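Input: a single structure, listed below in structure tokens.
The values are calculated or read from the model by the stated rules, or taken from the named source; none is laboratory data. Note that the structure is predicted; figures quoted are calculated from it, not measured. All Cβ positions, glycine included, derive from the backbone under ideal geometry; neighbour counts span all protein chains shown.
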Amino acid sequence: MLLCRVSNMADNEINLNTTVILERNGVLKAVKLIANKVIVFEKLRFKPDKAVGCNYGTVFKVANGELEVTDQDLDSFDTNADDAQGKDNRSLVDTHGKSQTIKRENILEMKGEGATGEEIVKCLVENSSSFNEKTSFSQNKYLKKKKKKYLSYIRIQRPNSRLICQLYQEREPAKICNMRMETMSQILTAANIKHGCNVGVVETCSGVVLGSVLEKLGGKGCVVNLHNGESPPNLFAISHFNFPDQYWDENLHSIPLRTLGPILAKRSFESEFLTEKPTKVESGSCLKQRPSDSEKSDNDVTMDTVSEQSNGCDKTKDDNDIKVSGKRKKFSDEEKLVVRLERRKNRLKHQQRAWGVLESKSLDAVVVVCKFHPTPILLCLLELLQLSRPFVVYSEHKEPLMELFVRLSVSGSAINLQLTDTLTRQYQVLPERTHPHVMMSSGGGYLLTGLKVKP
């Protein structure tokens, strides 16, 4: 059961300065709606201003660079023609395009005169010598193909874990370790993510897993993001969920993976993070505080919204605070030091909260979805997981999970171990034309699930 968002996100209206999912012909794209800014999507150019105030899921027609609300259903492309008895396609002869008298030049001319997509499709049907000889099924297929090409309808949807996972799966599957939507749902179900949970997450999926866990928590609970390196990688997908400031300030805390050793050795947070002091700025010298900060360029110091959100620490200021007359502001050395000290302060605040959750061994679930070998990571995290709590490990390949399965079985620290491979096949279900989809991915990775017990 999906958990509800907080009250200020419960409304179902489209607003500016929020990220939405655009859908056209099965293609998805995440864009941020900005007033009077042209959006380019699937060869369509339009401004989103007239969509403000409409409900999510509304279908719009693109006309003259603007959006118009329409009652058209994107999935209803069938005709009303009845299938005649004994009529089939055996008498049709391939004329290599000669059955259609309307050429590309004529279509471009019609578009230049302002013809709508419906008019173009109607003209193509009337000038096709073979259309009336086809069965209704073939006519439906022909119309569906032409309407997808010439009708400019789009649907605006609210971002959620299913749509964002599908978006990455279709566009850049390697960025989410070739994980599919059904695999993501199994991860959230097997980990028993719910209100008030403390979840430890290790992921290299651009933030898709972290965003999905935060969405399930609904503002109650804590997510500890354990990452490789001193600072979190780019978690751009989290910005698509439109989470409020509360999620960034109170629910999401990041900490390096290297801290697992000191935590298990019962060292203090101060001895690990508060021993280094930032250096003063000298004339003509570079700023050197921590390795992660010294590697950042001047563009990083401008603190754009996405880079700060990916740190999982705090939201940034408005663009007016970092831009002057449409150009980025140049910071002096003293201003750079102030900015970096503030970023370091916020980072330490979140790292201290994450350290406290891990040190108290109060994790309710552990989710590992990364490109690294999962065995050493999970064995350390199991020490911080409460008894009778679930853990989920995802990998593109089964060999690392088989090794982890054996280690857990021999040690006796987990029960109900299951190594699964989910194969889902989609079917088109229509009268007299039900068949499985052929062009599908062959695999969606492997899952290892279990419950921690006392050996």
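Tabulated values for the structure
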read-out: Entirely in segment 247-294, the helices (runs of 4 or more DSSP H) that have 3 or more residues that are at pLDDT 50 or above and surrounded by 11 or more Cβ atoms within 10 Å (Cβ to Cβ); value: 260-264, 269-273
read-out: Matching residues, segment 6-55, being β-branched (Val, Ile, Thr), closer than 20 Å to CYS165 by Cα and not in a strand (DSSP E or B); value: THR18
read-out: Subset of segment 433-443 (residues that are in contact with a strand residue (DSSP E or B) (Cβ under 9 Å, 6 or more places away or on another chain) and loosely packed, with under 10 Cβ neighbours inside 10 Å); value: THR434, HIS435, PRO436, HIS437
read-out: Members of segment 425-455 that are hydrophobic (A, V, I, L, M, F, W, C) and either at positive phi or outside any loop (DSSP other than H, G, I, E, B) (or both); value: LEU447, LEU448, LEU451
read-out: Test: residue in segment 79-87 that is surrounded by 14 or more Cβ atoms within 10 Å (Cβ to Cβ), assigned to a loop (DSSP other than H, G, I, E, B) and modelled with pLDDT of 75 or more; value: no
read-out: Residue check, LYS29 within 15 Å of TYR153 (Cα to Cα), touching a Leu at 6+ places or on another chain (Cβ under 8 Å) and not assigned by TED's automatic domain parsing to the domain that holds SER212; value: yes
read-out: Residue within segment 425-432 that is touching a residue at least 40 places away in the same chain (Cβ under 8 Å) and either polar (S, T, N, Q) or surrounded by 13 or more Cβ atoms within 10 Å (Cβ to Cβ) (or both) present; value: no
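Residue-by-condition table, conditions (1) within 14 Å of MET179 (Cβ to Cβ); (2) in contact with a helix residue (DSSP H, G or I) (Cβ under 8 Å, 6 or more places away or on another chain); (3) surrounded by fewer than 14 Cβ atoms within 10 Å (Cβ to Cβ); (4) not assigned by TED's automatic domain parsing to the domain that holds ARG180:
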site: LYS371; (1), (2), (3), (4): yes, no, yes, no
site: SER388; (1), (2), (3), (4): no, no, yes, yes
site: VAL393; (1), (2), (3), (4): yes, yes, no, yes
site: GLY445; (1), (2), (3), (4): yes, yes, no, yes
